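Notes follow once the structure below has been shown.
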Amino acid sequence: MSAVKHDVFQAIADPTRREVLRLLSEKEMPISALTSHFPMSRTAIAKHLAILTEAELVSGEKVGREKIYRLQPEPLTELKDWVAYYEQFWSNKLTKLKHVLEENNEE
């Protein structure tokens, strides 16, 4: 069975994985510390970490008997670039709203 590489968009689609990323953005943690933040098993968190690792958003390093996970934010640039493209539509809508409001104030 070959490993499926997850992309950044798939990896962050799950709210649990987004929360794992947020926690790891604050500090590096072993799986036991991460698990304590969620109402799910260590196995479930390990599966989420595997997906995040495949998407290269986190990495784990063996330290003694534990594996310490850390955020690797570089792949999030792909997401930022994608969202940045669509900001033009939000900006246009806000500009139009501003003009409408200004016109209404002049009347």
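The numbers here are math on the coordinates, done by the rules we state, and not lab data. Predicted model, so just to flag it, every value in this text is computed and none were measured. Glycine gets a Cβ as well: all are built from the backbone with ideal geometry, and neighbour counts include every protein chain shown.
At-a-glance table
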| quantity | calculated |
| --- | --- |
| Sequence-separation-based contact order of the chain, relative, with Cα cut under 8 Å and 6+ spacing, percent | 27 |
| Under Karplus coefficients 6.51, -1.76 and 1.60, residue-wise ³J(HN,Hα) of region 78-89 in Hz, glycine/proline x | 4, 5, 4, 5, 5, 5, 4, 4, 7, 4, 4, 6 |
| Modelled label reach - Ala33, point 7 Å along Cα→Cβ, region 52-81 residues with backbone N closer than 15 Å | 59-72 |
| Count, lysine Cα pairs under 24 Å in the chain, 8 or more residues apart or across chains | 11 |
| Between helix 42-54 and the chain: long-axis angle, C-alpha atoms, 0 to 90°, nearest 10 | 60 |
| Rounded to the nearest 20 debye, dipole of the chain from Cβ charges on Lys, Arg, Asp, Glu | 760 |
| Degrees separating the helix 15-26 axis from the principal Cα axis of the chain, which is the longest one | 80 |
| Long-range amide H partners of Lys67 with built H, under 5 Å | Ile31 |
| The chain - mean residue ellipticity at 222 nm from DSSP helices (-39,500 (n - 2.57) per run, n ≥ 4, rounded to 500) | -19500 deg cm²/dmol |
| Taking Tyr85, Tyr69 and counting other C-beta atoms within 10 Å, the order from fewest to most | Tyr85, Tyr69 |
| Alpha carbon centroid spacing (whole Å) that separates region 43-88 from region 8-32 | 7 |
